[in-house]
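Everything on this sheet refers to the single structure shown next.
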Amino acid sequence: MNSAQKDSAMMNPKQKRMNSKKNKQAKNKLLDRFGSVCFWCEKPLSKAELTVDHLIPLSQGGSNNLENLRLACLCCNKKRGNSLFPPSTTKRK
């Protein structure tokens, strides 16, 4: 894949959601990298309580690359929706 194709794939707003196997793999890699805390509110959570959140949502042209993924609690993930901004009740600045 050349750089133009990569750019096109990353900017595709129709990019598919991850299937459960890829989601599980991404979650495990993110757990190794960041630990089991919500990226937004920093609340410690069990692996089962964490969801995979896109920093740049797929609907905004984001990708499923690990650089664009973080672990978040369901509450923060839902509050954030497809926004480019953090949820309103976060600790992060």
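Consider segment 47-78 and keep the residues that are closer than 16 Å to Lys16 by Cβ and hydroxyl-bearing (Ser, Thr, Tyr). The one that is surrounded by the fewest Cβ atoms within 10 Å (Cβ to Cβ) is Ser59.
Does segment 27-46 contain at least one residue that is open to solvent by 30 Å² or more (accessible area, probe 1.4 Å), at pLDDT 90 or above and hydroxyl-bearing (Ser, Thr, Tyr)? Yes - at least one qualifying residue is present in segment 27-46.
Cβ separations smaller than 8 Å between residues 6+ apart or across chains give the following pairs from segment 36-63 residues that are more than 10 Å from Leu74 (Cα to Cα) to residues that are of a type in the set (Gly, Ala, Ser) and part of a strand (DSSP E or B): Phe39/Ala72; Trp40/Ala72.
The values are calculated or read from the model by the stated rules, or taken from the named source; none is laboratory data. Treat the numbers as computed from the prediction; the structure is a model and nothing was measured. No Cβ is skipped: glycine too gets one built from the backbone with ideal geometry, and neighbour counts run over all protein chains shown. For the accessible areas, the whole protein counts, side chains as well, though only heavy atoms, and no ligand, DNA or RNA atoms are used. Shrake-Rupley method; radii C 1.70, N 1.55, O 1.52, S 1.80 Å.
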